[in-house]
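Heads up, the thing below is written out as structure tokens.
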Amino acid sequence: MDDWYARVSAVWASASEMADLDVLAAIDALVAEREPDDPAALFEAASARDYADLEAEAEPLYRRAIDGGLDEATLPRAVIQLASTLRNLGRHEEAVRMLEKQLHEHPGDEWTGPTAAFLALALASRGDERDAASVALAALADYLPVYGNSVRHYAIELAARG
């Protein structure tokens, strides 16, 4: 089974050198080796479709992967990617709700920054640029060696003005 993950990783590592549909075909060939409801395989199939700009095909696969019980390491990625797909499909409200829920569940771990970045994108797509800037600045504050507290304070003020 570990060999399967290594082969999937190898496809993704060389994806920038391949045509989008070749990446999709390579991932689909690996997915075909697994059970039809395998959450990891469904996640990879969804990711490949996203990569090939086939968001409408990716969405149900992400949902099946999440509902099927993805491992704790992959689940936050799947939520971010599904929310990004929903944003690209024009379903901004649903994307915002998913990402806000994930931020609540991951308030201070390695998923906080990536989730906040995609939440800011979803908010901006929804037309809430001030809230988007506030979320992005608040997340960025954690990575600033100086002025982090000031930026966090200003981010809160910016959101309060909305």
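The values are calculated or read from the model by the stated rules, or taken from the named source; none is laboratory data. Because the structure is a prediction, the values reported are computed rather than measured. So basically every Cβ, Gly included, is an ideal-geometry build from the backbone, and we count neighbours across all protein chains shown. For the accessible areas, the whole protein counts, side chains as well, though only heavy atoms, and no ligand, DNA or RNA atoms are used. Shrake-Rupley method; radii C 1.70, N 1.55, O 1.52, S 1.80 Å.
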For the stretch 41-53, give me the residue count where each residue is within 14 Å of Gly68 (Cα to Cα) and open to solvent by 20 Å² or more (accessible area, probe 1.4 Å). 1
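Could you tell me whether the stretch 15-38 includes any residue that is among the hydroxyl-bearing types (Ser, Thr, Tyr) and open to solvent by less than 60 Å² (accessible area, probe 1.4 Å)?
So in the stretch 15-38, the residues among the hydroxyl-bearing types (Ser, Thr, Tyr) come out as 16.
Okay, now just the ones that are also open to solvent by less than 60 Å² (accessible area, probe 1.4 Å), so none.
Checking the stretch 15-38: not a single residue is among the hydroxyl-bearing types (Ser, Thr, Tyr) and open to solvent by less than 60 Å² (accessible area, probe 1.4 Å).
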Pairs returned, first residue in the stretch 59-76 that is in contact (Cβ under 8 Å) with a residue 60 or more places away in the chain, second residue that is part of a loop (DSSP other than H, G, I, E, B), beta-carbon separation under 9 angstrom, 6 or more apart or interchain, are none
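Looking only at the stretch 70-123, which residues are in a helix (DSSP H, G or I), β-branched (Val, Ile, Thr) and modelled with pLDDT of 95 or more?
Filtering the stretch 70-123 down to residues in a helix (DSSP H, G or I) leaves 75-88, 92-105, 112-123.
Filter once more, so that each one left must be β-branched (Val, Ile, Thr): 79-80, 85, 96, 112, 115.
Of everything in the stretch 70-123, those that are in a helix (DSSP H, G or I), β-branched (Val, Ile, Thr) and modelled with pLDDT of 95 or more turn out to be Val79, Ile80, Thr85, Val96, Thr115.
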Being touching a helix residue (DSSP H, G or I) at 6+ places or on another chain (Cβ under 6 Å) and without any contact (Cβ under 8 Å) to a residue 12 or more places away in the chain is true for just one of Ala155, Ala138, Ala132, Ala124. Which residue is that? Ala124
Taking Asp142 as the residue in question, decide whether it is surrounded by 18 or more Cβ atoms within 10 Å (Cβ to Cβ), under 20 Å from the mean Cα position of the chain (by Cα) and charged (D, E, K, R). no
Subset of the stretch 60-79, residues closer than 21 Å to Val11 by Cα and either among the hydrophobic types (A, V, I, L, M, F, W, C) or touching a Ser or Thr at 6+ places or on another chain (Cβ under 7 Å) (or both), comes to Leu61, Tyr62, Ala65, Leu70, Ala73, Leu75, Ala78
Of the conditions (1) open to solvent by 60 Å² or more (accessible area, probe 1.4 Å); (2) closer than 29 Å to Leu137 by Cβ; (3) among the polar types (S, T, N, Q), Ser9 satisfies every one except a single condition; which number is it? (2)
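Just to be sure, is Ala160 without any contact (Cβ under 8 Å) to a residue 60 or more places away in the chain, surrounded by 18 or more Cβ atoms within 10 Å (Cβ to Cβ) and not polar (S, T, N, Q)? Before the answer, list the steps.
Working: without any contact (Cβ under 8 Å) to a residue 60 or more places away in the chain: yes; surrounded by 18 or more Cβ atoms within 10 Å (Cβ to Cβ): no; not polar (S, T, N, Q): yes.
No; evaluated as a whole, the condition is false for this residue.
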Positions within the stretch 105-119 being open to solvent by less than 60 Å² (accessible area, probe 1.4 Å) and farther than 12 Å from His92 by Cβ, in sequence order: His106, Asp109, Trp111, Thr112, Gly113, Pro114, Thr115, Ala116, Ala117
